[in-house]
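The values are calculated or read from the model by the stated rules, or taken from the named source; none is laboratory data. This is a predicted model, so every value here is computed, not measured. Glycine gets a Cβ as well: all are built from the backbone with ideal geometry, and neighbour counts include every protein chain shown. Calculation scope for accessible area: heavy atoms of the full protein, side chains included, ligands and nucleic acids excluded. Shrake-Rupley method; radii C 1.70, N 1.55, O 1.52, S 1.80 Å.
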Amino acid sequence: MKWLYPLFLLIVTASTAAQETYRTDVYSNTIKTLQVKVAGKQISSPVIALDGEEQIEVNFDALSHHYDRFTYTIIHCDADWKQSSLSPVEYLDGFQGWTVDDFANSMATTTEYTNYVLLLPNDDVRLKVSGNYAVRICRENEPDKPLATACFSIVEPMVDIRAAVTGNTLIDFNNEHQQVNFTIYHKNFPITYPLNDLKIYVSQNNRRDNRVSNPKPTAILDGQLVYDNNRDLIFEAGNEYRRIEFLTHRYNGMGVDRIQYHEPYYHVELTSDQVRSGKTYRYDQDQNGRFFVRCSNGNDPNTESDYYIVHFSLACSPFLDGEVYLNGDLCHHVMDEKSKMGYNFETGRYEKSLLLKSGNYNFHYLLLPNGETKGVTEAIEGNYYQTENEYTIWVYFRPVGTLYDRLIGIATAYSNI
């Protein structure tokens, strides 16, 4: 029976998730504060090198002091984050269905929870190939009901990528957009048919909704692929992320109007936000949409930070041509019912309440036009070419006859204009 369970788990995974597009997200009200990062680093994208020394840390809370046997399944994905054609024995050493055994109960908090930490690779599992990976978290007795998914990537650096960002674009000059230019150097890594063998993706601040897929090179040189002044690589410049901080119920933090207790939670009322479009740009040192768990007078934020119901509000007239969403790592950049704001005609505000762990948070308000899948910043946040954004270039390699997308290069450029 011990051998049959991993086999059953693989069959369930293959049959239910063949065409699913994976992304980091939570599907249960009992799972909170899912973080995916490089272990030991405060600011990092969830990317590590193949056969390197670093590990990916998957960190989450279950809202109970009762220990749950959570199991994890690792799925290898293609460049589009769909399940690849590789079988588990081809991309990992070890079995599926191991339990998350590193856990600890919260201490002296109003909300009881248990913090779970998973490190990959570990003594039970080693990852054998590069590319994208999704980790599905389930209860041991419900392997077909994922509670959360954590996505990360493994790179085998075979090419060099040099990138820069400018406000001088084919659309405007130092106004509302930013242009990403980059060159892929592959002198020691032959790429015979770059237009067919490579998949290129460029993301802004880890968002997927406005990610650019497979731009064409503007020049193909000996050992170089040049992507300069490419119209497909022009992004809305946006604005600096809004920042809030709440570390304790004893005093108001940044962006907090008041904190009150209504059993069973403390409630954080944020200062009502205003539309920033059409106003003068103001620099603020943000973290490009990330959040950090923190608490006052505590040694371990993972178990000593409390939970608060945080009330967001945006004062403006209702938008008739789309819906307003909170965006950032606090919502895993997913625009769905969990991040969608509702309009309160009595207060004249868009409003949303989220149960969040104490810490420092970045967020944007995005307008999603009706019938579209890409959010826009112009209507609420505005677009300012001076905005400091983070652009990541992903280079995947899959020549004809091979079975998966190798991640052969990744680079990040900042728009320090």
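Once amide H atoms are built 1.01 Å from N in the peptide plane, which residues 5 or more positions from W98, or in another chain, come under 5 Å H to H?
Answer set, sorted by chain and number: Y72.
Between L221 and E337, what is the spin-label point distance in nm, taking each point 7 Å from the Cα along the Cα→C-beta axis?
Each label point is offset 7 Å from its Cα along the Cβ direction, giving 5.4 nm.
Counting residues in segment 57-100 as N, plug N into 2.2 N^0.38 Å and put the Cα Rg over that result.
Relative to the 2.2 N^0.38 Å estimate, segment 57-100 comes out at 1.49.
Suppose every Lys and Arg Cβ carries +1 and every Asp and Glu Cβ carries -1, with no other charges. What dipole size does the chain come out with about its Cα centre, to the nearest 20 debye? Walk me through the intermediate numbers first.
Numbers: 37 positive and 54 negative charges, 63 e Å.
The dipole magnitude comes to about 300 debye.
Take every Cα-Cα pair in segment 292-417 and report what % of them are more than 23 Å apart.
53
Among bridges DSSP assigns within the chain, what percent are antiparallel (round to 5)?
Beta bridges within the chain, antiparallel portion: roughly 90 percent.
Carbon and sulfur together cover what percent of the accessible area of segment 346-417 at a 1.4 Å probe radius?
So the carbon and sulfur contribution to the accessible surface is 49 percent.
At a Förster distance of 41 Å, what's the computed FRET efficiency of N188 paired with T166, Cβ-Cβ distance as r, to 0.05?
That pair, N188 with T166, gives E of 0.90.
Please list 247-257, 180-190, 376-386 highest first by mean number of surrounding beta-carbon atoms within 10 Å per residue.
376-386, 180-190, 247-257
Can you tell me the accessible area per residue over the chain, all protein chains present, probe 1.4 angstrom, in square angstrom?
Per residue, the chain has 46 Å² of solvent-accessible surface.
Provide the per-residue ³J(HN,Hα) series for segment 391-408, in order, calculated from phi with Karplus coefficients 6.51, -1.76, 1.60 and θ = phi - 60°, each as a whole number of Hz, with x at glycine and proline positions.
10, 10, 9, 10, 10, 10, 10, 8, x, 4, x, 9, 9, 8, 8, 7, 8, 9
Lysines near K357 by alpha-carbon distance under 18 Å, same-chain residues fewer than 8 away left out - which ones?
K32, K37, K338
Compute the semi-axes of the equivalent ellipsoid of the chain, taking the square root of 5 times each eigenvalue of the Cα gyration tensor, and list them largest first in whole Å.
Working: eigenvalues 227, 199, 63 Å².
Equivalent ellipsoid of the chain: 34, 32, 18 Å, largest first.
Based on the mean of other beta carbon atoms within 10 Å per residue, what is the order of 191-198, 300-307, 97-104, 156-163, most packed first?
On the way: 191-198: 14.0, 300-307: 19.4, 97-104: 15.6, 156-163: 17.6.
Per-residue mean Cβ counts within 10 Å order the peptides as 300-307, 156-163, 97-104, 191-198.
Let me check against my output: what whole-number percent is the relative contact order of segment 323-417, with C-alpha pairs under 8 Å and at least 6 apart?
Contact order relative to length: 21 percent.
In debye, nearest 20, what is the charge dipole magnitude of segment 324-396 about its Cα centre with +1 on Lys and Arg Cβ and -1 on Asp and Glu Cβ, if you could check?
200
Within segment 239-257, whose backbone N sits under 19 Å from a point 7 Å along Cα→Cβ of A315?
242-244, 254-257
Under a no-solvent Debye model with one identical scatterer per Cα of segment 335-401, what's log10 I(q)/I(0) at q = 0.14, 0.18, 0.23, 0.26 Å⁻¹?
Evaluating at q = 0.14, 0.18, 0.23, 0.26 Å⁻¹ gives log10 I(q)/I(0) of -0.70, -1.00, -1.26, -1.33.
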